[in-house]
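Asks: Pasting a structure below so you can have a look.
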C-alpha cells in the first residue's frame, strides 16, 4: 500500500508517495547490471518523475474533483478506477484521462490509467469469470478493491515472447521460455518463464500477468491470470535500451529525457503466487473470456484511443509550428497537408466521442461501443505512420541541419555561426533550434521510432485488429439494408 497525503478532508496519493513506493527492492537489470533504485538511476529517473507528476497533478486542490472520485471509505483516487454507470460519468472519466495524457503530449502510452481501465472492465464483467470460476472472480474483485484503494500504478504482461511464430506456445523449443505453471499447492501457484512487453514496469507498483493471445486445449499450464507486486521474489525485469540514458540533454532530447516509459521482458523465476492473487486457473477459454467477453478489452483500448487523440493534437501542433518556423505556412500545398492532418486528428477525436455516444449499459455499467473502439484501432494503426511521415515531409531539411548538441553553444565560434544560419521568420535562432530539436525527438529520433512501432503494434498486428472489427460488425443490419433497397429499386426477374 502507498502512503497518502491529506488535502482538506480527502486523502490522495501524491508524486512523493509514488516515488517512495518504487524504492521497494525490485529486481531490474539494464546494461549488464542490476539497478539499486529506479527513481535515481539515469536510465529511469526522469520517467519515474513523469509518473509521479501525474499523481501530483491530480492531488492539486483545483484538480481534485476533475481528476479523482471518492472511493468507498472516503479516499479519493484516480478516475481511471471509476466504473461509469452512465454516459455522463464516462465522459467525466474521459476528461480526466485527457488531462493526464496532456502532461506528456500522449507519449506516456502506458500511464496508470491504461491497466486500471483494463482491470475495471474485467471487474464490470466479473459474472463472466464467475460462471466458470467463482473463486477466481471473487479474487479479482477483492484485488481490484485493494489496488483501487491504494491508487496503485499497474503494468501488465499479456503477450508471450515471439520465439518461433510457426509453432503453438506449447510447442516452443526453449525450456522455461513462456511463463507457465510449474507447481501448485494449498498456498498457490508457482510460475516460471517470460512474458512481455512490460511497458512502464520500472515505474509500476504491480504487474498483471495473463494471456491475451489465444490458447488451445493442451496448453492449460499457460492458462492463468494473476497479479504480483513488482518486488515479489523471483520477478526479474530485463529492460530494453534506455533512450533516457542515451539522451544528450533536455535541450537536445526534450521528450526522450522525460517520457521514455521503457519496455521490458519480465522473467518469473519460480515465483509463488498466492491463491487470492490468482484469477483464472488452467482454463484456456477463460483466459480469452476475461478480456473479450467482459468490457476489459474495450476499456483498455478505449483508453488507448483517448491517449492517442491527445498525441495527435500534440503532433498537429508540431506540424503547424514547423511550417511557421521555416516560413512555408502560407504556401497552398503546405496548408493542404496541414488541413489533412487536422482532419485526421478530428476524425480520431470524433471516434472517441462516437464510442461514448453509441455506448450502452452492461448491467449497472455504461460501456463504450465495442465496434467503434475496434474500428478506431484499425484506422489509427495505419494513420500514425502516415501522420508522422507527413510531418517529416513538411519539415524537409530543417530537422537535419541542427547543431550536434547543446555543447556547441559553449564554443563561441560555433555559437556565432549557429545564430547566423538558424534563421526563422517567427522566432529567434536559439528558439528555432530548441523547437526543431523537440520536433526531431517526436518524429525522427530512436525514441520516435519506438513510438511508431508501439502505435502500430500495441494492440496486435493489423490482421488482429481487423479481425476484431470484422467480428463486431453488424453484418446482418448491412445485409438487411442492402436487401431492402434492392427490393425497392431492382424488382426480381419473372
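Asks: Using every Cα-Cα pair within the chain, state what percent have a distance larger than 28 Å.
Replies: 57
Asks: Based on DSSP H runs of at least 4 residues, each adding -39500 (n - 2.57), what is the mean residue ellipticity at 222 nm of the chain after dividing by all its residues, to the nearest 500 deg cm²/dmol?
Replies: -15500 deg cm²/dmol
Asks: Taking the Cα-to-Cβ direction at residue 362 and at residue 452 and moving 7 Å from each Cα, how far apart do the two end points lie in nm?
Replies: Each label point is offset 7 Å from its Cα along the Cβ direction, giving 3.5 nm.
Asks: Give me the distance in nm between label points sitting 7 Å out from Cα along the Cα-to-Cβ direction at residue 415 and residue 231, one decimal.
Replies: 4.6
Asks: Based on Cα coordinates alone, diagonalise the gyration tensor for the stretch 13-292, multiply each eigenvalue by 5, take square roots, and list the semi-axes in whole Å, largest first.
Replies: Gyration-tensor ellipsoid for the stretch 13-292: 30, 25, 16 Å.
Asks: On the first, second and third principal axes, largest extent first, how far apart are the outermost C-alpha atoms of the stretch 227-324 in Å?
Replies: On the principal axes, the stretch 227-324 reaches 58, 32, 18 Å in Cα extent.
Asks: I've got another one for you. Between residue 134 and residue 347, what is the label-to-label distance in nm when each label sits 7 Å out along the Cα-to-Cβ direction?
Replies: Distance between the two pseudo-spin positions: 5.0 nm.
Asks: Continuing with this model, one more query. With no solvent and one point on each alpha carbon, what is the Debye value of log10 I(q)/I(0) for the stretch 396-494 at q = 0.16, 0.20, 0.22 Å⁻¹?
Replies: Computed log10 I(q)/I(0) values: -0.82, -1.01, -1.10.
Asks: Calculate, for residue 400 and residue 33, the FRET efficiency according to 1/(1 + (r/R0)^6) with r their C-beta to C-beta distance and R0 35 Å; round to the nearest 0.05.
Replies: Using R0 = 35 Å, I get an efficiency of 0.50.
Asks: Okay, moving on. What percent antiparallel are the DSSP beta bridges of the chain, to the nearest 5?
Replies: That works out to approximately 80 percent antiparallel.
Asks: Past the 25 angstrom mark, what percentage of all C-alpha to C-alpha distances in the stretch 16-149 do you count?
Replies: Tail of the P(r) past 25 Å holds 37 percent of the pairs.
Asks: Measuring from centroid to centroid over Cα atoms, what is the spacing of the stretch 73-129 and the stretch 390-420 in Å?
Replies: Distance between centres, Cα-based: 41 Å.
Asks: Which three semi-axes in whole Å describe the equivalent ellipsoid of the stretch 416-469, each the square root of 5 times a Cα gyration tensor eigenvalue, listed largest first?
Replies: Gyration-tensor ellipsoid for the stretch 416-469: 39, 10, 6 Å.
Asks: Of all alpha-carbon pairs in the stretch 317-465, indicate the percentage at a distance above 22 angstrom.
Replies: 54
Asks: List the extent of the Cα atoms of the stretch 214-261 along each of their three principal axes, largest first, rounded to whole Å.
Replies: Result, largest extent first: 53, 26, 14 Å.
Laboratory data are not the source of any read-out in this text; all were calculated from the coordinates shown. Predicted model only: the values in this text are computed from it and were never measured. Every residue, glycine as well, gets a Cβ built from its backbone with ideal geometry; the counts of neighbours run over all protein chains shown.
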